[in-house]
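These notes are about the structure you will find just below.
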Amino acid sequence: MILTEKETTTMRDLQTQEQMCIKKYEKYGEQAHDTELKSLFERLRKEEQKHYDSLGQVLKGTVPSCNCNDSDGKSYTPKATYDAMTNSEQKQNDCFLATDCIGTEKMVSSEYNTNVFTCGNSDVRKLLADIQIEEQNHAEMLYKYKQANGMA
């Protein structure tokens, strides 16, 4: 498979977004106080790395298979560390981190939604649509974390 110049630019731009997500989840994992949130950030960092690697495969001419995973968000059930009545500095910090990541996931999901149409290959479009669903799952998981901890 040979990509057009526009498709190549799109893949590289999406890789940049994924790279920023990877770095954000690494840094936020270090800053989070709650071990549940740290664990979630590590899980999401690994998933963003898979997205980055998949886009790299496309740039090399191969489209990796995708599983159209749309259940991670629905099935995620975080344990609560904070209760709704407390408002400690640690809770406020963790709430900020989770909320900021929800905004990032929304933005990245939107990028995939827009850029899926720049690709002529239906397998690439399917991959990008799959990644978009996974980005939406990430936002849902972060929101469920906030709900469980009295932050939403």
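The values are calculated or read from the model by the stated rules, or taken from the named source; none is laboratory data. What you are looking at is a predicted structure, and each value in this text was computed from that prediction instead of being measured. FYI the Cβ positions are ideal-geometry reconstructions off the backbone, even for glycines, and counts take in every protein chain you see. Note: areas computed on protein heavy atoms with side chains; ligands, DNA, RNA excluded. Shrake-Rupley method; radii C 1.70, N 1.55, O 1.52, S 1.80 Å.
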Residue within region 61-76 that is assigned to a helix (DSSP H, G or I), under 14 Å from the mean Cα position of the chain (by Cα) and under 28 Å from Arg12 (Cα atoms) present: yes
For Thr104: the one exception among (1) free of Cβ contacts under 8 Å to residues at least 12 places away in the same chain; (2) touching a Cys at 6+ places or on another chain (Cβ under 9 Å): (1)
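Being among the basic types (Lys, Arg) and open to solvent by 80 Å² or more (accessible area, probe 1.4 Å) is the filter here, so list the residues in region 46-94 that pass it.
Residues of region 46-94 that are among the basic types (Lys, Arg), as a first pass: 46, 50, 60, 74, 79, 91.
Selection gives Lys46, Lys50, Lys60, Lys74, Lys79.
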Tally, over region 4-17, of residues that are in contact (Cβ under 8 Å) with a residue 60 or more places away in the chain, within 16 Å of Asn121 (Cα to Cα) and open to solvent by less than 70 Å² (accessible area, probe 1.4 Å): 2
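Please determine whether any residue of region 109-119 is among the aromatic types (Phe, Trp, Tyr), open to solvent by less than 60 Å² (accessible area, probe 1.4 Å) and in a helix (DSSP H, G or I). Steps first, please.
Step one: list which residues in region 109-119 are among the aromatic types (Phe, Trp, Tyr), which gives 112, 117.
Adding the requirement that they be open to solvent by less than 60 Å² (accessible area, probe 1.4 Å) leaves 112.
Right, trim to in a helix (DSSP H, G or I) and you get 112.
Yes, because at least one residue in region 109-119 is among the aromatic types (Phe, Trp, Tyr), open to solvent by less than 60 Å² (accessible area, probe 1.4 Å) and in a helix (DSSP H, G or I).
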Residues (crowded, with 18+ Cβ neighbours inside 10 Å and over 13 Å from the mean Cα position of the chain (by Cα)) located in region 22-35: Tyr28, Gly29, Ala32, Asp34
